[in-house]
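Structure first, commentary second.
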Amino acid sequence: MARLFRESRRDSSSHSSSSNGFLPPAAAAAVSSTSSPALPSPFPDLGVQLSASDLREAAYEVLVAASRTTGGKPLTYIPQGAASGAGAPPSPASSASSASSASLQRSLTSAAASKMKKALGLRSSASTKGVGSPGSGGKAAAPTRRPATVGELMRVQMRVSEPADARIRRGLLRIAASQLGRRAESMVLPLEFLQQFKASDFPDPQEYEAWRTRNLKLLEAGLLLHPLVPLNKSDSSAQRLRQIIRGAYDRPLETGRNSESLQSLRTSVMSLAGRSHDGTSDGCHWADGFPLNLHLYQMLVEACFDNDEGTVVDEIDEVMELLKKTWVILGINEMLHNLCFTWALFNHFVMSGQVDIELLSAAENQLAEVAKDAKTTKDPNYCKVLSSTLSSIMGWTEKRLLAYHETFNTSNIESMQGIVSIGVSAAKVLVEDISHEYRRRRKEETDVARTRVETYIRSSLRTAFALRMEEADSKRSSRNPTPVLSILAKDIGDLALKEKNLYSPILKTWHPLASGVAVATLHSCYGNELKQFVAGLTELTPDTVQVLKSADKLEQDLVNIAVEDSVDSDDGGKSLIREMPPYEAENAIANLVKVWIKERVDRLKGWVDRNLKQETWNPGANRENFAPSSVEMLRVIGETLDAFFELPIPMHPILLPDLTAGLDRSLQLYVSKAKSGCGTRNSFMPQLPPLTRCEVGSKLLFKKKEKPQNLQVRASQNGTTNGNDPLGLPQLCVRLNSLQYIRGELENLEKKIKTCLRNVESAQADITDGVDIKFELCQAACLEGIQQICETTAYKVTFYDLGHVLWDTLYVGDTAANRVEVLLRELDPVLETISGTVHNKVRNRAITALMKATFDGFLLVLLAGGPLRAFTRQDSQIIEDDFRALRDLYLADGDGLPEELVDKASSQVKNVLPLFRADSESLIERFKRMMVESNRSASKNRLPLPPTTGHWSPNEPNTVLRVLCYRSDETATRFLKKTYNLPKKI
C-alpha cells in the first residue's frame with residue numbers, strides 16, 4: 001500500500017491522471033502477490049457497460065459526499081498537495097482548515113487494538129510494518145510514509161488520483177454553496193456533478209468525455225434499469241430520460257449550470273429519483289436499487305483490503321465507520337453489509353492462493369452473522385443476492401471437497417477445517433433458510449451438515465480409489481508379477497489409514513461416523529472390482545489365491561475401522577456393516593444366468609432360421625422399405641435385454657458380455673442369411689469369347705439370316721417389370737435397407753444397455769466404462785453384406801437385366817448406328833428404382849457400384865464383345881462421346897455422384913480409350929515391346945499369346961492385343977493372322 005501511495009504522489013505532482021480518474025496503470029497494478037484469480041461476482045449483471053474503475057470512482061464520490069456532509073465542521077476544500085506535501089511544514093491557514101475538516105480528514109490512530117480485527121479473529125499487522133522482507137538479511141526496510149488521514153487512506157485504497165480527488169471535493173464544495181443545507185442523500189450526485197463541471201475542468205477532452213459518459217450510465221442504471229421503485233411503462237419522465245441519455249451518447253450533452261439540455265435532464269431525473277413506495281420520502285433514490293447499490297458498495301468494501309498484500313487494513317475500524325455513512329445513500333443495511341463483507345473476505349482468501357487462513361477464519365465468523373440475518377428476513381432482493389453469493393461460495397468449496405484427497409495434504413491440511421466449515425455453513429443457509437422444500441419437511445428429518453460431509457467423503461474416496469487403481473495397474477510389470485488386485489488391496493489399506501488419521505478427525509466435527517463412511521465406500525469400490533475378477537475365473541491359480549487373501553485382509557482392516565468408529569453410534573455400527581457385504585462370488589447364480597443366456601440365444605437363432613425362410617423382401621411391406629423380419633428381430637432382442645436386466649442378480653455388468661456376444665452372433669446369422677443366395681459380382685460376369693480377327697471392309701459382319709451361336713438375347717428385367725422375383729432389383733434394395741437398418745439400430749441397443757446398467761447399478765455411475773457392449777460381429781457383417789449386395793445388384797442389373805443391350809445391341813454391326821443411348825434409356829428406370837427405394841445412407845454406395853459395373857460392361861463390349869463388333873480409328877470419337885454421355889448420367893448435372901468419385905471409377909476406361917485412336921502400326925509395335933519386356937524367352941518374331949488377366953490397361957499386352965482384334969484394318973488382321981493365326985469367326 002505504501003508503494004501505491006508513493007506512485008500516486010508522483011502521479012499527482014506531474015498532473016497526469018488516467019481518463020477514468022484513477023491512478024495510471026503503473027500504480028493501479030498493485031495487486032495481491034498470489035496468482036489465484038478472483039471469483040466471479042455473485043451480484044446480477046447491471047445491463048449497462050460500467051467498468052470496475054467506473055464503479056469504483058462513483059463509489060468514492062458517494063463516500064466523499066456522505067462523509068463531508070455528515071461531519072460536525074463546515075465543508076472546506078483543501079487541495080491534497082497543499083494539505084499533505086511531503087516535507088513541507090503546514091502553514092497556519094492550512095492547519096486551521098485541516099482541523100476544521102470533516103471525518104474524511106480525521107487523523108488515523110494506532111490500529112494495534114482494532115476492535116473489529118479482534119472480533120473477526122485477525123491479528124494486527126502494525127507490529128510487522130517496517131520489518132525487512134525475506135532475503136533482506138534481517139535489516140529493517142526503509143520506512144514508508146503511510147496516509148495521515150482516513151480520507152487519504154481511502155483515496156489510496158480506491159486508487160483515486162489526487163487531481164481526481166481534488167475535482168470531486170471542489171465539485172462538492174460548489175454543490176454545497178449552491179444548495180446550502182441539503183444533505184447527500186437528497187441529491188443525485190451524477191446529476192449535480194454534470195451541472196458543476198465542464199470540459200474546461202478536465203486536463204483533456206478524452207477524460208471529460210469518459211467522465212460524462214460514466215455519469216450518464218450511472219443515471220441510466222440507477223433510474224431506468226434498476227430503480228428502487230419499479231417504473232410504470234407509461235411514465236413520461238422515464239421515456240424522456242431514456243431519450244436524453246441515448247441522445248447524449250451520440251451527441252455530447254452540454255453541461256454546466258445554465259445549460260438548457262441539462263435543465264431538461266434535471267427535470268426528468270429528479271422526477272424519477274424523488275419517487276418512493278409510500279410517497280413520503282424526501283430522499284433521492286438513484287443508487288439504492290438492486291443490484292447497482294451492491295456493485296457500488298462492494299467497491300467500497302474492497303478498500304478494507306490492502307492493495308499490495310490483500311490483507312485487512314489495520315485501520316479497518318475507521319474505514320468501516322466511513323462506509324456506514326454511505327448506507328443512507330446506497331440503501332444498504334447491516335444485513336447487506338454483512339453479506340458483502342463476507343463475500344469480500346472469502347474472495348480475498350481465494351486470491352491469496354488459499355494460504356491466508358486468517359481471511360478464511362474471518363469469512364467464517366462473518367458468515368455466522370449472515371446466517372443469523374437470513375433467519376430474520378424474507379426480503380426477496382436480499383434472499384436472491386444471498387442465494388447467489390452463498391451458491392458461489394459453496395460451489396468453490398465443493399469443487400475442492402468432492403475430491404479433498406487431491407486438494408489437501410499434510411502441508412495445507414489446516415485450511416481444510418475452515419473450508420469445510422464455510423461450505424457447510426453456506427449449504428445450511430441455502431437449504432434451511434431459502435429452500436422451500438426444506439420448510440415443507442420436518443427439520444429433524446434432514447441434517448444438512450452431515451449429508452453434505454457424507455457426500456464429500458464418498459465422492460472423494462471414489463475419486464481416490466480410481467486413482468489408486470491406475471497406480472496399481474502401472475506398478476505391475478515383469479519384475480513385479482503381483483496381481484493388480486493384490487497391489488490395489490494394499491494401496492486401499494494405506495488409503496484407509498490416511499483417511500482415518502488425517503481427514504476424519506476434521507470431518508468428525510460434522511459427521512460422527514466419518515471414518516466408517518469412508519471405509520464403507522472403499523469396501524464397496526474394491527468389492528466391485530473383486531466381483532469382476534471372480535466372475536472371470538476358470539481355475540484356481542496362485543494369483544487367484546493371492547488376490548483373495550489380499551482382499552480378505554483388506555476387508556478385515558476396513559471392517560475394524562468401521563466398528564471402531566461406530567462404537568458409540570445409536571445402532572452400534574450395524575448400518576455401516578450392512579453397507580459392507582462380504583467379498584464372495586456367487587457362482588451358482590452366475591452359472592444359472594449363463595444357462596439362461598444360452599437358452600435365449602439358441603431360441604433366437606431358431607427364430608432367424610424360420611422367419612427368413614418366409615421373408616419375401618417385399619418393398620411394399622412398410623414405408624421405410626426394409627424387411628419386417630429385421631424389425632421383429634430387433635424387437636425380440638430388446639425384449640431379451642429387458643428380461644436380462646430384470647433378473648434379481650447383483651452381477652449384471654459381469655454377465656452382460658456373455659449376453660451381448662450371443663445376441664451379436666444371432667444378428668450376424670440374420671445378416672449372413674439375408675445376403676446369402678444373392679450371389680456375387682462374379683456370378684453375373686460373362687465368359688469372354690475366344691479371340692478373333694476382323695473381316696476388313698465389312699460393315700455387316702454376318703448375314704441377316706445367320707444368328708451367332710454364342711450370343712443369347714435376354715429380355716429386359718429392370719426394376720419395373722420383375723414382379724416378386726426374390727432377386728429382383730426392388731427386393732435386393734430391400735435387403736440392402738434391412739442391413740442398413742440393423743446397423744443403425746446397433747447404436748441404440750448399446751445406449752439401451754448403458755441406460756439399463758446405470759439403473760441397476762445406481763451407485764456406480766461409471767459402471768459402463770468397464771463393460772464390453774459392442775456388437776462387433778454384426779457390425780462387420782453388415783458392412784460386408786451391404787458391400788456385397790451393392791456389387792451383386794450392380795453386376796446383375798448390368799450383365800443380366802441389361803445384358804441384351806450390352807451384347808446384342810451396343811456397337812453391333814455399324815458402330816454409329818448402335819450407340820450408347822439405348823443403354824442410357826434402360827439405366828434410367830434402374831436409377832429411379834434405386835433412388836426411390838434405397839436408404840439415403842447407402843444410396844450413393846449402391847449407385848456407385850452400378851456405375852462401376854456399367855463402366856466395366858462398356859469396357860468389356862469394347863475389348864471382348866465378340867466378332868459382331870469392329871472398330872475403325874474414326875470410331876474412337878464416337879466411343880469417347882458415348883462414354884462421356886455414360887459418365888454424365890451419373891453426374892446428373894451436379895445432382896448425382898461427386899465428380900471426383902466418377903472420375904476415379906472411370907479412370908480405367910479413360911486410360912484404355914486412347915488405344916482406339918492410335919494407328920495399328922504403333923499398336924503392334926507397342927504390343928511387341930511389352931511382350932518382349934514381360935517375357936524374356938519371347939522375341940519380336942515369336943510372341944506367345946498373352947494371358948487374359950481381366951485388368952484392362954494400356955500397359956497390359958492382352959488389352960492392346962484385344963484392341964487389334966477388333967480393329968477393322970488390314971494391317972491389324974495381317975498381324976493377327978501371321979502371329980497367332982486367329983480365325984475371323986468363333
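For segment 470-520, the normalised intensity computed at q = 0.26 Å⁻¹ comes to -0.88 (log10 of I(q)/I(0), Debye sum over alpha carbons, equal scatterers, no solvent). Calculated over segment 317-472, the projected area of the Cα convex hull averaged across directions stands at 11.2 nm².
Classify segment 297-382: rounded, prolate or oblate, from the alpha-carbon gyration tensor (a ≥ b ≥ c, eigenvalue square roots; a/c under 1.5 rounded; otherwise prolate if a/b is larger than b/c)? Oblate shape, in that a/c is at least 1.5 and b/c is the bigger or equal ratio. A straight Cα-to-Cα reach below 22 Å connects residue 594 with the lysines 531, 605, 752, 754, 774, residues fewer than 8 places away in its own chain not being considered. Compute the label zone of residue 696 within segment 945-986: residues whose backbone N is under 19 Å from the point 7 Å along Cα-to-Cβ. Within reach of a label on residue 696: 961-985. Averaged over its residues, segment 217-356 has an accessible area of 39 Å² per residue, based on protein heavy atoms and a 1.4 Å probe.
Taking the centroid of alpha carbons for each part, segment 407-435 and segment 810-837 are 80 Å apart. Scalar couplings 3J(HN,Hα) for segment 503-516, obtained by applying the Karplus form with A = 6.51, B = -1.76, C = 1.60 to θ = phi - 60°, are 9, 4, x, 6, 6, 4, 4, 10, 9, x, 10, 4, 5, x Hz; x denotes Gly and Pro.
Using per-residue counts of other Cβ atoms within 10 Å, averaged over each peptide, order 289-298, 311-320 from highest down.
Working: 289-298: 25.0, 311-320: 22.0.
Most protected by this proxy first, the peptides run 289-298, 311-320.
Restricting segment 192-261 to GluC sites (Glu not before Pro) that sit in a DSSP loop and have at most 16 other Cβ atoms within 10 Å of their own Cβ leaves 254. Using the Cβ of residue 786 as centre and a radius below 9 Å, the other residues enclosed give a net charge of +2, where K and R count +1 and D and E count -1. Sorted largest first, the principal axis extents computed over the alpha-carbon atoms of segment 273-345 equal 46, 21, 18 Å. Partners of residue 796 within straight-line reach, counting lysines whose Cα lies under 24 Å from its Cα and excluding those fewer than 8 residues away in the same chain: 613, 673, 675, 841, 852, 904, 910.
Find how much the distance from residue 182 to residue 835 grows on full extension, using 0.36 nm per residue of separation minus their present alpha carbon separation; answer in nm with one decimal.
Working: separation 653, 0.36 × 653 = 235.08 nm, distance 8.56 nm.
Value of the extension gain: 226.5 nm.
Dividing the convex hull volume of the alpha-carbon atoms in segment 850-986 by its residue count gives 109 Å³ per residue. Please report how far the C-alpha centroid of segment 602-675 lies from that of segment 177-218, rounded to the nearest whole angstrom. Between the Cα centres of segment 602-675 and segment 177-218 lies a distance of 80 Å. Return the long-range amide H neighbours of residue 312 (sequence gap of 5 or more, or a different chain), with a cut-off of under 5 Å between placed amide H atoms. Placed amide hydrogens put 306 under 5 Å from residue 312.
Stokes-Einstein diffusion coefficient for segment 908-971 at 4 °C in a medium of 1.567 mPa s, Rh from the Kirkwood formula over Cα pairs: what value in µm²/s? So the translational diffusion coefficient is about 107 µm²/s. On full extension, the segment bounded by residue 942 and residue 825 gains 37.5 nm, given 0.36 nm per residue less the C-alpha separation.
Candidate cross-link partners of residue 384 among the lysines, defined by an alpha-carbon separation under 22 Å and a same-chain spacing of 8 or more, comprise 372, 375, 428.
For the pair residue 463 and residue 413, what calculated FRET efficiency results from E = 1/(1 + (r/R0)^6), where r is the Cβ-Cβ distance and R0 = 22 Å, to the nearest 0.05? The pair residue 413/residue 463 has a calculated efficiency of 0.80.
Kirkwood-type hydrodynamic radius, segment 169-249: 14.1 Å, calculated from all non-identical alpha-carbon pairs. Across all directions, the average flat footprint of the convex hull enclosing the Cα atoms of segment 380-537 is 11.8 nm².
Give me the accessible area per residue for segment 830-986, probe 1.4 Å, as a whole number in Å².
Working: 7450 Å² over 157 residues.
Per-residue accessible area for segment 830-986 comes out at 47 Å².
For residue 872, nonlocal amide neighbours, meaning residues 5 or more places apart or on other chains whose placed amide H falls under 5 Å from its own, are 968.
Counting only other residues whose beta carbon sits under 15 Å from that of residue 248, what net charge do I get with K and R as +1, D and E as -1?
Details: positive: 198, 212, 214, 217, 240, 242, 246, 251, 266; negative: 209, 220, 250, 254, 260.
Residues near residue 248 contribute +4 overall.
Could you give the semi-axes, largest first, of the ellipsoid that matches segment 775-870, computed as the square roots of 5 times the alpha carbon gyration tensor eigenvalues and rounded to whole Å?
On the way: eigenvalues 195, 41, 13 Å².
Values for segment 775-870, descending: 31, 14, 8 Å.
Just subtract the alpha-carbon distance of residue 446 and residue 904 from 0.36 nm times their residue separation and send over the number in nm, one decimal. Write out the running numbers ahead of the final one.
Details: separation 458, 0.36 × 458 = 164.88 nm, distance 7.10 nm.
Separation in residues times 0.36 nm, less the Cα-Cα distance, equals 157.8 nm.
Counting Lys and Arg as +1 and Asp and Glu as -1 over every other residue whose Cβ lies under 15 Å from the Cβ of residue 45, the net charge comes to 0.
The three principal axes of the C-alpha atoms in segment 875-943 carry coordinate ranges of 53, 24, 11 Å, sorted with the longest axis first. Along segment 457-473 the Karplus relation, 6.51 cos²θ - 1.76 cosθ + 1.60 evaluated at θ = phi - 60°, assigns HN-Hα couplings of 4, 5, 4, 5, 5, 5, 5, 5, 4, 4, 5, 5, 4, 4, 5, 5, 5 Hz to successive residues, with x for each Gly and Pro.
The values are calculated or read from the model by the stated rules, or taken from the named source; none is laboratory data. What you are looking at is a predicted structure, and each value in this text was computed from that prediction instead of being measured. So basically every Cβ, Gly included, is an ideal-geometry build from the backbone, and we count neighbours across all protein chains shown. Quick note on the areas: whole protein, heavy atoms, side chains included, nothing else; ligands and nucleic acids left out. Shrake-Rupley method; radii C 1.70, N 1.55, O 1.52, S 1.80 Å.
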